[in-house]
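Let me begin by presenting the structure, written as structure tokens, before commenting on it.
The values are calculated or read from the model by the stated rules, or taken from the named source; none is laboratory data. Just so you know, these numbers come straight off a predicted model, no measurement behind them. Methodologically, a virtual Cβ is constructed for each residue, glycine included, from the backbone with ideal geometry; neighbour enumeration extends over all protein chains shown.
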Amino acid sequence: MIEAAPPGSSRGRDVWLRFRRHKGALLGGGFFVFVLCFVAVGPALWTVDPQFIDIQARNSGMSAAHPLGADQLGRDMLARLMAGGRASVAVGVAAMLLSLLIGSLIGVLAGFFRWIDGPLMRLTDLFLALPLLPLLLVVILLFRDTLRTAVGPETGVFVLVVGVIGATSWMQTARVVRGEVLTVKEREFVLAARSIGAPAHRIVRRHILPNVLSPIVVSATLGIANAIITESALSFLGLGFPSDFATWGRLLFDATDYLQRYPSRVLWPGLAISLTVLSVNYMGDGLRDALDPRTRGR
Amino acid sequence: MKQPCLTIAMAGALLVSGAATAERGRDGHLGVIYWQAPSILNPYLSGGTKDIEAASMVLEPLARFDEAGNLVPWLAASTPTVANGGVSADLKTVTWTLREGLLWSDGSPVTAADVVFTAEYCLDPAGGCSQLAKFDDVTAVEATDDLTVEVTFGIPKPYPYGPFVGATSPILQKAQFADCVGAKAPECTEANFKPVGTGPFRVTEFRPNDVISLEANPRYRDPAKPAFATVTFKGGGDAAAAARAVLETGEFDYAWNLQLAPDVLEDMQAAGKGAVVSSFGTLVERLVVNLTDPSPDLGDARSTRAHPHPFLSDPAVRKALSMAIDRNLLVEIGYGRAGRPTCNVVPAPAIYASDANEDCLARDIDGAKRLLDEAGWRPGPDGIRQKDGIRLSILYQTSANAVRQDFQALVKQWWSEIGVETELRNIDASVFFGGDPGSPDTYQKFFADIQMYANNFEGADPEPYLGGWRCGNEPRPASQWQGENVPRYCDEDYDRLLGRMAKTGDLGERAALARAMNDMLVRDHALIPLVHRGRVSAHARSLGGVLLNTWDSEIWNIADWRRIR
Amino acid sequence: MPVYTVRRILVAVPTLLLISLILFLLLDLAPGDPTAQLPLTIPPDVKERIRQSLGLGEPIHVRYLLWLQQFFVNEPLHLLSGLTGLDLAGDRARVISWQTRSPVVDIVVERLPQTLWVVGLSYVIGILIAVPVGIVSACRQYSWFDQLGTFASMVGFSVPTFFSGVLLIVVFSVELGWFPSIYDTTHKVTDWNGFLVQVRQMAMPVTVLALYNAAQISRFMRASMLDNLKLDYVRTAWAKGLPERTVVLAHVLRNSAGPAVTVIALGVPGVFAGAIITEQVFKVNGLGQLLIVSIQASDIPTVQTLTFIFAVLIVLFNLIADLLYGVLDPRIRYD
């Protein structure tokens, strides 16, 4: 959202200046950039194929050839952590954005326009009631082959996984945002804006959205963690990426059986997930403070 | 903790049976954990292993298989054979005689009428009996007197031990199930949850998909057994948790079917609380090769015999794929003591197991490359072999589980070494093994090039199993995609051997025929056997008498289990 | 407000019917098969006969109407008969599970206690931790307490229960031997020792779930407190010299409870839905385990009944959340 603002605009610069003053946000942002580099640039520096099986090295500990050791088949853990991060971060961020978009849209619409509140909230009830697993099976039955031929197997699965996670996790955001909108829209400044005849879209953009940012930011941080973990559950059920395709959640799941013997194997993916989520959380905190209209200019 | 338990057990034993059987129930409580929880205790309404094995503590058949796969009389006085006159000379009639003095756990006598009723119960067309195949070709089941039953088949049966044999076909009590026949079968919840049986235990509480509480059957035929007064049969969780409860925390005495990575299991055993046991039946993990074209462009003719596979129909390719696999390593990584590399689809019993295919055990990458070169498959610019514009690119599917994922990754790498590209796919087991004709992902539809799963045959006779691969038995749209011939194999010579086996009664000749058919299947590489899989279970060190049995219920001899002090 | 409540309840009936239809269609379309778990040694034609005996040969609208009748007419009649001792139901068919061949509602009733004990208690504890932590974190933003709380809740939320559960078992059951790793659902609390056994076997699953719930709720609590602490009326209250306790508890808390109330209300149906993974890890075998086992076995009557009961609870608690919103913030007008 920071990037979206034109560089020259005073509002964008204002937000950026305030974001920079927030120590936690800077630290979180810095770490997140590091994670992005690790997963995006890392594979170019550490060129071991994450799927290559070096059977002699299986279950080996840290060594020059395998800095983080190798798994039960002898695949390099460092390479798998990088490749896995690529998938997990991409899925986490994309699914979170999708779920945030749907959730905020529905929440704002339902809260702001009374006539559409009922139908939208009943739709939310329906989605809350749908059991995830059969839904996934149906989605895969209907769309997997179409997507596979349209965009290739791995991109197809990516679109599917992001779509499914996004489409089944927006309800909480929608309910919370709606509740906040209901409160905010009765506040004096909104009533004032309305009384001077401001169009609805401007009221929503200028007055409502900035004031319901807090729950959206919290949803975003929780959403990333949720997406990364849901993805691991999906691929174990045979509904996500192919089995030799590493993701953080997957690495953690596969290593759980080896918890006592090779604790480092659960440590790295577990740490990666937690720290990424933590960094997003701090960034979110900073971003919310920076965008908060009530504290701006103080 | 031990002392009060013992006292209660003694008191319980005295209460139920009086002085004459003071030994029963002397060892107190037994805890068994199955990571799949039993749903029902009527084997005729559920074919699931968990349900059948749980029911085997209560319900018993006329004869069953021991841990070596031999038929032993159980409720019957002896096993009928042609030699002892129990099986007629034309192989069409079998006469079973019950032991004398058998009682149901409610005190009523077991009679031939119960056996006859059991057949009627299963054969009722509206009942949806899971064990119907055990009664194939049965035309009549009649009681000739209180203890004698005659089973008549429509055709000569060289192997007549289907009905009433093994844990899948036990005897039900007529008095309890008389009103539960046919469409009414599912309504008898009480009977299905607490069947009256002849076995060493009877149910006191049944919580479906959770836990069963049992107590010693006061009218069990051996007054000194069972040694345990009560049993808790817990279900649910996963294999690792079940193993932990026996091997590491000692909360339970016996854990079933621990399909875990061998090093994980060994670490747990090192805690010293329990022992891992394994035993081999006929289960073989195999690759099935699609001999027909699964291309989506073919529409209704996809994966049918109308279109042979573009490259897997070439025997050289199939053989090369098999040669590239290191079966010893697969066993080492996936199964440890619970697996053996194999080149046969019929790995046991010993007389049926062929020894003519052992050359597959040694991995031979160079040989595989040479074979492909000779057959005209040359590496293309991307390293993948091709011929006439056809690339050796394989879609390899299986049902999702941890060991199979490792196998997939290994096999993919080996095939890439010989210039074959592989895409992996995992499918949820409830879809893969389901028969939904609307789903493209069932193992029967086989919309992939190679798939991997395990299969076995029941009891000790491979004839029906080998009969699966006959011409015309392949799944296809006309058969609603039902049929056991998943590779779509068809060979007239094979069918001829099958025809001969159906008419042969002599065990030696039958074995020779079975070996010949097995050799045809694996030398044609329609099936690529990988691992002969055993059953692995674990018991507490203090539990004695466990004889792991893969031919029948695993806990078939629970009456003999005891506490070692 | 009463008019609004009545209208919402009236709308709920067709909504729920529609949800039940969509659930049924979804389950029917899903590519599972009730005979998939049977061994491959059972031949395909026998499996086909099993499917027929389960009623799968009937067209979908017949099966749906049958379920509607069984659930909405026959089950209440059986319930009434049970309560009054009169035979009102006759031999009307109940909703029968395909796996166990027994009435689904009976299984649900049997499993409710352990689910409510474990999942419900963990939810209550989660809330009891989350609310004060959220409040203190917000009042002392960026203090060491806040930082620690943030860290703990983020780790609590981002470490999946399939891992944290196993970790607890390895530490507390295997290494230390304090708690059992297998939950005994047949255990009955009759005396003090029995109660201690119950506490011990609940300790680990409740901890895992409570942490997870607390993490989520405390984040929403903190964020919304922070928002309100900056508002004018709070500044006014400070300026008037009111003590901190009064400002926070009397003014800010009430006005910032909204998001937390929504999240808490949304989570209550989840309590009844059980916690699938945690129940599996600790073998609690409650409603979550029932649902997942039934889905894996394609036991459509059970899955349909369970999900529909959840749908009723979801609609109900969303209504409650909306009403609470109105109470907490009188400015909100629904009518």
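Take the conditions without any contact (Cβ under 8 Å) to a residue 12 or more places away in the chain and polar (S, T, N, Q) and apply them to B:Ser439. Does it pass?
Criteria met by B:Ser439.
Return yes or no: is C:Val284 touching a residue at least 24 places away in the same chain (Cβ under 8 Å), assigned by TED's automatic domain parsing to the domain that holds C:His187 and not in a helix (DSSP H, G or I)?
When the stated conditions are applied, C:Val284 passes them.
Checking A:Leu101 against (1) surrounded by fewer than 23 Cβ atoms within 10 Å (Cβ to Cβ); (2) at negative phi; (3) at pLDDT below 85, which single condition isn't satisfied?
(3)
Looking at A:Ala233, is it outside any loop (DSSP other than H, G, I, E, B) and either within 14 Å of chain B (Cβ to nearest Cβ) or closer than 21 Å to B:Phe407 by Cβ (or both)?
In short, yes.
Report, by residue number, each residue of the range C:89-102 that is surrounded by 15 or more Cβ atoms within 10 Å (Cβ to Cβ) and without any contact (Cβ under 8 Å) to a residue 12 or more places away in the chain.
C:Thr100, C:Arg101, C:Ser102
Which condition number in (1) within 12 Å of chain B (Cβ to nearest Cβ); (2) in contact (Cβ under 8 Å) with a residue 12 or more places away in the chain is the one that C:Leu40 fails?
Tallying (1) within 12 Å of chain B (Cβ to nearest Cβ); (2) in contact (Cβ under 8 Å) with a residue 12 or more places away in the chain, C:Leu40 fails exactly one: (2).
If we keep just the residues of the range C:36-60 that are outside any helix (DSSP H, G or I) and in contact with a Leu (Cβ under 9 Å, 6 or more places away or on another chain), which is surrounded by the most Cβ atoms within 10 Å (Cβ to Cβ)?
C:Ile42
Determine whether C:Glu279 is over 22 Å from A:Leu126 (Cα atoms), surrounded by fewer than 18 Cβ atoms within 10 Å (Cβ to Cβ), touching a residue at least 24 places away in the same chain (Cβ under 8 Å) and more than 9 Å from chain A (Cβ to nearest Cβ).
So C:Glu279 does not fit the description; no.
In the range B:453-509, what residues are charged (D, E, K, R), within 14 Å of chain C (Cβ to nearest Cβ) and not in a helix (DSSP H, G or I)?
Going through the range B:453-509, the residues charged (D, E, K, R) turn out to be B:458, B:461, B:463, B:470, B:474, B:476, B:484, B:488, B:491-493, B:495-496, B:500, B:503, B:506, B:509.
If we keep only those that are within 14 Å of chain C (Cβ to nearest Cβ) as well, we get B:458, B:461, B:463, B:470, B:474, B:476, B:484.
Across the range B:453-509, the qualifying residues are B:Glu458, B:Asp461, B:Arg470, B:Glu474, B:Arg476, B:Glu484.
Looking at (1) surrounded by 14 or more Cβ atoms within 10 Å (Cβ to Cβ); (2) at negative phi; (3) not assigned by TED's automatic domain parsing to the domain that holds C:Gly32, which is the only condition C:His78 fails?
If we test C:His78 against (1) surrounded by 14 or more Cβ atoms within 10 Å (Cβ to Cβ); (2) at negative phi; (3) not assigned by TED's automatic domain parsing to the domain that holds C:Gly32, just (3) comes out false.
Please go through the range C:102-116 and pick out each residue that is in a helix (DSSP H, G or I) and more than 12 Å from the chain's Cα centre (by Cα).
C:Val104, C:Val105, C:Asp106, C:Ile107, C:Val108, C:Val109, C:Glu110, C:Arg111, C:Pro113, C:Gln114
Please tell me if A:Trp115 is within 27 Å of the chain's Cα centre (by Cα), surrounded by fewer than 20 Cβ atoms within 10 Å (Cβ to Cβ), in a helix (DSSP H, G or I) and not aliphatic (A, V, I, L, M).
no
Any idea which of B:Glu492, B:Glu509, B:Glu474 is over 30 Å from B:Ala261 (Cα atoms) and buried (at least 20 other Cβ atoms within 10 Å of the Cβ)?
Result: B:Glu474 is the single residue among B:Glu492, B:Glu509, B:Glu474 that is over 30 Å from B:Ala261 (Cα atoms) and buried (at least 20 other Cβ atoms within 10 Å of the Cβ).
Quick grid of which residues meet (1) part of a loop (DSSP other than H, G, I, E, B); (2) of a type in the set (D, E, K, R); (3) free of Cβ contacts under 8 Å to residues at least 40 places away in the same chain; (4) more than 30 Å from B:Pro125 (Cβ to Cβ):
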{"residue": "C:Arg8", "(1), (2), (3), (4)": "no, yes, no, yes"}
{"residue": "C:Ile19", "(1), (2), (3), (4)": "no, no, no, yes"}
{"residue": "C:Ile22", "(1), (2), (3), (4)": "no, no, yes, yes"}
{"residue": "C:Leu27", "(1), (2), (3), (4)": "no, no, no, no"}
{"residue": "C:Pro34", "(1), (2), (3), (4)": "yes, no, no, no"}
{"residue": "C:Val62", "(1), (2), (3), (4)": "no, no, yes, no"}
{"residue": "C:Gly82", "(1), (2), (3), (4)": "no, no, yes, yes"}
{"residue": "C:Asp87", "(1), (2), (3), (4)": "yes, yes, yes, yes"}
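Matching residues to (1) buried (at least 17 other Cβ atoms within 10 Å of the Cβ); (2) in contact with an Asp or Glu (Cβ under 6 Å, 6 or more places away or on another chain):
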| position | (1), (2) |
| --- | --- |
| B:Met57 | yes, no |
| B:Leu62 | yes, no |
| B:Ala77 | no, no |
| B:Lys92 | yes, no |
| B:Leu98 | yes, no |
| B:Trp104 | yes, no |
| B:Thr111 | yes, yes |
| B:Val115 | yes, no |
| B:Leu123 | no, no |
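Are any residues in the range A:242-253 more than 11 Å from A:Gly84 (Cα to Cα), surrounded by 24 or more Cβ atoms within 10 Å (Cβ to Cβ) and either more than 9 Å from chain B (Cβ to nearest Cβ) or out of contact with any Leu (no Cβ under 8 Å at 6 or more places or on another chain) (or both), and if so, which ones?
Of the residues in the range A:242-253, the ones more than 11 Å from A:Gly84 (Cα to Cα) are A:242-243, A:253.
With the extra rule that they be surrounded by 24 or more Cβ atoms within 10 Å (Cβ to Cβ), the set shrinks to A:243.
Once the filter is applied, which keeps residues that are more than 11 Å from A:Gly84 (Cα to Cα), surrounded by 24 or more Cβ atoms within 10 Å (Cβ to Cβ) and either more than 9 Å from chain B (Cβ to nearest Cβ) or out of contact with any Leu (no Cβ under 8 Å at 6 or more places or on another chain) (or both), the range A:242-253 yields nothing.
Out of (1) touching a Gly at 6+ places or on another chain (Cβ under 8 Å); (2) at the interface with another protein chain (Cβ under 10 Å from one of its Cβ atoms); (3) assigned to a helix (DSSP H, G or I), the odd one out for C:Asn255 is which?
Going through the list (1) touching a Gly at 6+ places or on another chain (Cβ under 8 Å); (2) at the interface with another protein chain (Cβ under 10 Å from one of its Cβ atoms); (3) assigned to a helix (DSSP H, G or I), C:Asn255 breaks only (1).
With surrounded by fewer than 16 Cβ atoms within 10 Å (Cβ to Cβ) and within 11 Å of chain A (Cβ to nearest Cβ) as the only criterion, which of C:Asp227, C:Asp191, C:Asp232 stands out?
Step by step, each of C:Asp227, C:Asp191, C:Asp232 is checked, and only C:Asp232 is surrounded by fewer than 16 Cβ atoms within 10 Å (Cβ to Cβ) and within 11 Å of chain A (Cβ to nearest Cβ).
With the condition kept exactly as written, say whether any residue in the range B:300-307 is of a type in the set (A, V, I, L, M), without any contact (Cβ under 8 Å) to a residue 40 or more places away in the chain and not in a helix (DSSP H, G or I).
The answer is yes, given that some residue of the range B:300-307 is of a type in the set (A, V, I, L, M), without any contact (Cβ under 8 Å) to a residue 40 or more places away in the chain and not in a helix (DSSP H, G or I).
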